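For reference, the structure is listed below as structure tokens.
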Amino acid sequence: LMGFNYQVTKHRSAKAMVTAFQDSCEEQIAGFFGFVEKNNLLGAVRDKDWVKFTRTYNGPGNVPVYSSRISKAMTAIE
């Protein structure tokens, strides 16, 4: 997560979030799921709508490239 997303985590600042992420993969996972929840992306994940997910997670640039990468990665682990 980019630092400005610290608000979707339990951390008081971007620095606190980054420090926690460096110390713990559990914190990284919790932060990611906080992002998914706060941005109403659970439906997109369940529906495998990687275009919608990517547009929110990565922003509007290069959506086809990043959504394709996510789709391929998710197919590989299914």
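Some notes on this structure:
- Rounded to whole Å, sorted largest first: equivalent-ellipsoid semi-axes of the chain, Cα gyration tensor: 24, 13, 12
- Taking Cα centre as origin and charging only the Cβ of basic (Lys, Arg, +1) and acidic (Asp, Glu, -1) residues, the dipole magnitude of the chain rounds to 240 debye.
- Over the residues of the chain, the helix contribution to mean residue ellipticity at 222 nm works out to -20000 deg cm²/dmol, using -39500 (n - 2.57) for each DSSP H run of at least 4.
- Of all accessible heavy-atom area on the chain, the percent that carbon and sulfur account for (1.4 Å): 55 percent
- Under 13 Å of direct C-alpha separation, and excluding same-chain neighbours fewer than eight residues apart, Lys48 reaches these aspartates and glutamates: Glu78.
- Simple label model, 7 Å out from Cα along Cβ direction - Cys25 to Arg12, nm: 3.0 nm
The values are calculated or read from the model by the stated rules, or taken from the named source; none is laboratory data. In this text, all values refer to a predicted model and were calculated from it rather than measured experimentally. So basically every Cβ, Gly included, is an ideal-geometry build from the backbone, and we count neighbours across all protein chains shown. When the accessible area is computed, the model is the full protein with side chains, heavy atoms only, and any ligands, DNA or RNA have been set aside. Shrake-Rupley method; radii C 1.70, N 1.55, O 1.52, S 1.80 Å.
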